[in-house]
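Scroll down for the structure; my scribbles are underneath it.
Just so you know, all these numbers are worked out from the coordinates, no wet-lab data involved. It should be emphasised that the depicted structure is a prediction, and the values quoted were computed from it without experimental measurement. Positions of Cβ are backbone-derived with ideal geometry, glycine not excepted, and every protein chain shown enters the neighbour counts.
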Amino acid sequence: MTHRPPQRGFSVIELMVTIAIAALLMTLAMPYFGKTTTQAYERRVKQQMVQDFAWARGAAGAADQKSLDATLSSGTPTVTWKVNADCTWTTQISGTTNAAHTTTTTPTTMVCAPAASGGLAVGTWYTLTPTGFVTNSAGSPVSGTLVITGTTQTFQLQLLYSGSMLETHAVSGVDS
């Protein structure tokens, strides 16, 4: 009689059961990962908008527009900024779009709108002054709230008379 050494490893049945359990767990976890990815994308869009606005505000105080964009001639910059209803925005220096601080890719899951009271108008050009204030086409200082609504969360951005933009309210779980 030959002596067999004890078998090592897993049987095919054990491997199939393990794979089935792992597949079941992945199936249950996939909606959570999709929602998390969407939330991260929506936060990134909002953060990029705030950063580009802050850059535009700082650029308005530059002594020479050539320091902001080498393709422009020397002179004092006029910086304008506009956000659209599809949550794209444009930053211009003396009428020339600054591509580095402009987004033309529409975030398909997001909508920008003025708040019900004291809202910041979308589709309107605002001028950023060298002293940091934001004015409308009449030259009057502007303040207001912009509401950004995504599929998983809503943000409110407050533009103060001082020219600062703050996130004043975020609501998570819009569709949950």
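Computed over the alpha-carbon atoms, the chain gives an Rg to Rh ratio of 1.34, Rh here being the Kirkwood radius from the mean inverse distance. Each Cα pair under 8 Å and six or more residues apart adds its separation to the average, and for the chain the resulting relative contact order is 16 percent.
Distance from the Cα centre of segment 59-77 to that of segment 99-144, in angstrom? Answer, in whole Å: 21.
What is the antiparallel percent of DSSP beta bridges lying wholly in segment 108-163, to the nearest 5? List each step's numbers first, then the result.
Working: 13 of 14 bridges.
So the antiparallel bridges in segment 108-163 amount to around 95 percent.
Angle of helix 12-60 to the longest C-alpha principal axis of the chain, folded into 0 to 90 degrees and rounded to 10: 10°.
If you take all other residues with their beta carbon under 14 Å from the beta carbon of VAL45, and give Lys and Arg +1 and Asp and Glu -1, the sum is -1. When peptides 52-62, 124-134, 66-76 are sorted by average Cβ neighbour count within 10 Å, with the highest value leading, the order is 52-62, 124-134, 66-76. Farthest toward the positive end of the dipole of the chain, out of GLN7, MET30, GLY58, is the Cα of GLN7, where the dipole comes from beta carbon charges about the Cα centre. Taking Cβ atoms as reference points and 15 Å as the exclusive limit, the residues near GLY144 contribute a net charge of 0, counting Lys and Arg as +1 and Asp and Glu as -1. Taking the DSSP beta bridges with both ends in the chain, the antiparallel portion is around 95 percent.
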